[in-house]
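What follows is a short report on a single structure.
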Amino acid sequence: MHSTKPHHPHFHSTPYLSPFSDMSNVIVLDNGGGSIKAGHGGERDPSTVIPNCLYRPLSSKKFLHPSPTTADSTEDLTSAAVRRPIDRGYLINPDLQRDIWNHLFTSLLHIAPSNHSLLLTEPLFTLPSIQRATDELVFEDFGFKSLFITDSPNLVHLYEASRRPDGLVSKAQCSLVVDCGFSFTHAAPVFQNFTLNYGAKRIDLGGKALTNYLKELVSYRSVNVMDESFLIDDMKEKLCFVSLDIARDLQVARKRGKDNLLRCTYVLPDGITHTKGFVKDPDEAKRYLTMTGGVSPSLETKKGIDQPEVSDKLEERKRTDLSKNEFELTNERFLVPEMIFHPADLGMNQAGLAECIVRAVNSCHSLLHPVLYESEMELCPLVPDEYQVKITTQEDPILGVWRGGSLLASSPDFEAMCVTKSEYEELGSARCRKKFFH
């Protein structure tokens, strides 16, 4: 397996990186299909997180840049039209991405790209034509002085290994990363900080598909929300969770009154007193956590399940009676995330996550199998008895990739790993790309 190890200096020194040393001349950009996480290398958290899109609200004739995704933003995104530069995981509109990046660098980060290096994430299996378009954006349109391209599983592994230096991930220098993104889900083996592409497996189902499925369920049962992407995203992240006992939870969801621990109410924006949807009673929404056997963590990754702008408004929210402007969720809360394990239920001829993980592990050398298995429940029946199944949850699933990039950017070897603007101009995109993988 050592032949798969690339000759980057940082792969030897990873366990000894001092976390987040200052490297402010490196911009770390986790360019996701749903959101962009961006900031300076060496910082613990990104300077800004913004949706990777432009939107046009009903009150506007032109597309606008969304504000950073914070609890106190007051934009009315009701029925807003959305344009995204990334579709199904890949950059399809470089001009739109240029517009969004330009706003990011000038108005939010306040930097001059020509004075900075860029660490950029890119999806696995990106086509050469898209790689060329990305390189043109970085060097020709923005003029960054150097570039390093990497993938999400690589950075997650790096950060988790540094966070737990005595843990299995760090000692074995080997892990299997499950990356559930906006457009698709990957199960990717990482060995000595290098993603093994031949072992990476993909399910063409991610957060966008789950949001669309939740739109359909709510529209069929309650009120038409097919045009409310931002609203349903918020609802999904605050209220959905992965069930560890589907049969039990389906029974609970059928109960009436207070015996139904899954029932909760989501209030739609009215455009006057509040421009965003919210969970009517956050305590009610958390009752499912008291069920015997528990459940896995909610899809919500922010602090708490709901963040009222002012705490004394919480009781007022509970009393709000907007009649038809609110609706209840019950079994939708766990049936939507369940699609990751059973894509066939959405008409997709693909294996679920558990099978995807097993296929990814089986693509690797048998000596790596015991340390690659990191999941449970559905996975256990598929794994040989002699292997112990263990799962490690990320500290922050949204920011983990960016934090790994920040850590890598603060490595003393980072600049030597980059492709410079002059190398790009002399050698071109294809030849420069080889530097990232050899």
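The values are calculated or read from the model by the stated rules, or taken from the named source; none is laboratory data. Fair warning: this is a prediction, and the values are worked out from it, not measured in the lab. Ideal geometry is used to build each Cβ from the backbone, glycine not excepted, and the neighbour counts take in all protein chains shown. Ligands, DNA and RNA are excluded from the accessible area calculation, which covers all protein heavy atoms including side chains. Shrake-Rupley method; radii C 1.70, N 1.55, O 1.52, S 1.80 Å.
Listing for the model above:
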quantity: Residue satisfying condition, being within 18 Å of M339 (Cβ to Cβ), in contact with a helix residue (DSSP H, G or I) (Cβ under 6 Å, 6 or more places away or on another chain) and crowded, with 21+ Cβ neighbours inside 10 Å, within set S229, S243; calculated: S243
quantity: Residue that is modelled with the highest pLDDT, among those in segment 410-438 that are among the small types (G, A, S) and under 26 Å from S129 (Cα atoms); calculated: S422
quantity: Any hit, segment 336-346, residues being surrounded by 15 or more Cβ atoms within 10 Å (Cβ to Cβ), touching an Asp or Glu at 6+ places or on another chain (Cβ under 7 Å) and modelled with pLDDT of 75 or more; calculated: yes
quantity: Test for F148: is it part of a loop (DSSP other than H, G, I, E, B), within 18 Å of S406 (Cβ to Cβ) and in contact with a helix residue (DSSP H, G or I) (Cβ under 6 Å, 6 or more places away or on another chain); calculated: no
quantity: Number of positions in segment 117-145 that are open to solvent by less than 50 Å² (accessible area, probe 1.4 Å), more than 25 Å from the chain's Cα centre (by Cα) and either within 25 Å of L399 (Cβ to Cβ) or of a type in the set (D, E) (or both); calculated: 2
quantity: Among residues of segment 255-277, those that are in contact (Cβ under 8 Å) with a residue 40 or more places away in the chain, under 19 Å from F334 (Cβ atoms) and open to solvent by 40 Å² or more (accessible area, probe 1.4 Å), counted; calculated: 1
quantity: Count - residues of segment 34-59 that are more than 16 Å from the chain's Cα centre (by Cα) and buried (at least 21 other Cβ atoms within 10 Å of the Cβ); calculated: 2
quantity: Residue match in segment 279-292 (condition: under 11 Å from T330 (Cα atoms) and either outside any helix (DSSP H, G or I) or aromatic (F, W, Y) (or both)); calculated: yes
quantity: Close pairs from segment 85-111: first free of Cβ contacts under 8 Å to residues at least 60 places away in the same chain, partner part of a helix (DSSP H, G or I) and of a type in the set (D, E, K, R), Cβ under 6 Å, at least 6 apart; calculated: R98/D141
